[in-house]
Amino acid sequence: MKTEYDVIIVGARIAGASLAYELGRAGYKVLLVDKANFPSDVLSTHNFFNNSVAMLREMGVLGKLLATGTPTYKRAYVRLEEAVIDGDFPEANGETECLCIRRTHLDRILLEHAAAVPGVAVLEGFRVAGLLRSGETVTGIEGVNAGGEAVSFRSRLVVGADGRRSAVRRMAGSRRLAAVPTDFASYVGYFRHFRQEGEPCAEFYRMGEYLAIVFPTSDQLHVVGLMFPLSWSRMLESMKQDPEGTFRHAVRTGFGRVSFADRLSRSELAGPIRGLNGYDNDWHEAMGKGWALTGDALSFKDPAVGQGMHDALFAAKALTGVLVSHDDWAASWDRMAESYGRIMNGKTRPLFELACAMTRNVPVTPEQTAVNWLIGIHPEAKRAFLGMYNHTNGPEELERVIGGIMSGGAANERE
């Protein structure tokens, strides 16, 4: 196996595999490494809204993903206390359907898709132990392969695509630019025989201090996420002792007055309940001399906004575009870092800010309740609300629509 590449990517899941695909197509020699062997599962919100489905189609991988039998959906059912927002996500880039595919399928297929591109090499079961440097510039990686042999590889750029606890980020010295800790614990389970009402859809609930989210997913299952305050220490301890029983009890307690609780009680848990007891919504320096970050290594967001998949695909194209536009990387680190950071900030920061707001456990005000009711009954407001999630529009468009409706209502009252 050769030891010198243009780019080494650490982490071969969606962020790393999609970047390897884009870089390989651009003509670069790429080494993609991961400590795991695939197929491999990972705790994740693995949903693609239809704007991201369009990117998968453009990559030429959507057909392979759909061949797994994973169902698609286009509808959202959102229950915020007593307000209901029920409608289809706006069409995005010609796509109407969304896809929530399990990581055991997704990551394997994306990895194989990237590996089929000339110039892309893959090394599974490789654990990175350190970064190589020449002065202040990162020049490669060193680590241990699956056979226990210590080896090193050199490159012009090392990219950390290794998740929210990125080792590359830590070793490169990327600065954390923003961090908002969550107020919630988050647990996820896969359920068999869960029945949805009407056509397949994404379900989201906020009732009191409980949140829940449901997606139809692969293998004839539904993935169900449950969130409750981190301050509930007795609940956290109970989750350790009896995960399934506590999960089901929490759903009955928090959502007993809606059909979701009854439908879940009739379903069968498939696999263990897994949880994440506290996390930061964070944002890091995106690039430096000889290194860059992508995916959750760059920015981790509350899973309730479901943006991780989109941001990984978008970053792959963005970083590739920056690299292609500069011939002499060694003389351009500062310019490339500014460009990549600006692109990512402009595209993904608005929903990062939304995630930071959603991650706080604050009571819903009467004013917000009134707005939620309005969104639920007004088609234009509903479209703008759902359009935030698939980037059809930004949060400012929803504010504009709400403001217009309320101004019109006030004018009608005066007349």
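Would you please name the residue that is surrounded by the fewest Cβ atoms within 10 Å (Cβ to Cβ), looking only at residues in the range 273-301 that are modelled with pLDDT of 95 or more, in a loop (DSSP other than H, G, I, E, B) and of a type in the set (Gly, Ala, Ser)? This residue is GLY290.
The set of residues from the range 151-166 being assigned to a strand (DSSP E or B), of a type outside the set (Gly, Ala, Ser) and under 23 Å from the mean Cα position of the chain (by Cα) comprises VAL158, VAL159. For the range 292-329, the set of residues classified as aromatic (Phe, Trp, Tyr) and under 17 Å from LEU177 (Cα atoms) consists of PHE300 only.
Only residues that are within 31 Å of the chain's Cα centre (by Cα), farther than 17 Å from LYS2 by Cβ and surrounded by fewer than 17 Cβ atoms within 10 Å (Cβ to Cβ) were counted in the range 138-150, giving 2.
Would you point out which residue out of ALA297, ALA312, ALA357, ALA337 is of a type in the set (A, V, I, L, M, F, W, C) and farther than 21 Å from VAL30 by Cβ? Please lay out each step first, then the result.
Working: ALA297 fails: farther than 21 Å from VAL30 by Cβ; ALA312 fails: farther than 21 Å from VAL30 by Cβ; ALA337 fails: farther than 21 Å from VAL30 by Cβ.
Selected residue: ALA357, the only one of ALA297, ALA312, ALA357, ALA337 that is of a type in the set (A, V, I, L, M, F, W, C) and farther than 21 Å from VAL30 by Cβ.
For the range 153-185, the set of residues classified as hydroxyl-bearing (Ser, Thr, Tyr) and either within 20 Å of ALA315 (Cβ to Cβ) or exposed (fewer than 13 other Cβ atoms within 10 Å of the Cβ) (or both) consists of SER155, SER166, SER174, listed by residue number. Being in a loop (DSSP other than H, G, I, E, B) and touching a Leu at 6+ places or on another chain (Cβ under 9 Å) holds for only one residue in ASN372, ASN361, and it is ASN361. Considering the range 45-69, and only residues there that are crowded, with 20+ Cβ neighbours inside 10 Å and hydroxyl-bearing (Ser, Thr, Tyr), the residue that is nearest to ALA381 (Cα to Cα) turns out to be SER52. Contact annotation: no residue pair with Cβ atoms under 9 Å, 6 or more positions apart or on different chains, pairs a residue in the range 229-243 that is at pLDDT below 95 with a partner that is in a helix (DSSP H, G or I) and surrounded by fewer than 16 Cβ atoms within 10 Å (Cβ to Cβ). Does VAL53 qualify as being modelled with pLDDT of 95 or more, part of a helix (DSSP H, G or I), touching a strand residue (DSSP E or B) at 6+ places or on another chain (Cβ under 6 Å) and closer than 19 Å to GLN307 by Cα? Against the criterion (modelled with pLDDT of 95 or more, part of a helix (DSSP H, G or I), touching a strand residue (DSSP E or B) at 6+ places or on another chain (Cβ under 6 Å) and closer than 19 Å to GLN307 by Cα), VAL53 qualifies.
Restricted to the range 73-139, the set of strands (runs of 3 or more DSSP E) holding at least 3 residues that are in contact with a helix residue (DSSP H, G or I) (Cβ under 9 Å, 6 or more places away or on another chain) and farther than 25 Å from MET59 by Cα comprises 75-80, 83-88, 127-134. The set of residues from the range 229-272 being among the hydrophobic types (A, V, I, L, M, F, W, C) and either under 15 Å from GLU197 (Cβ atoms) or not in a loop (DSSP other than H, G, I, E, B) (or both) comprises MET235, LEU236, MET239, PHE247, ALA250, VAL251, PHE255, VAL258, PHE260, ALA261, LEU264, LEU269. Checked against the criterion of being within 27 Å of MET287 (Cα to Cα) and either out of contact with any helix residue (DSSP H, G or I) (no Cβ under 7 Å at 6 or more places or on another chain) or not assigned by TED's automatic domain parsing to the domain that holds LYS317 (or both), the candidates VAL33, VAL61, VAL10 yield just one match: VAL33.
The values are calculated or read from the model by the stated rules, or taken from the named source; none is laboratory data. Keep in mind that this is a model prediction, so the values were computed, not measured. Backbone-built Cβ (ideal geometry, glycine too); neighbour counts: all protein chains shown.
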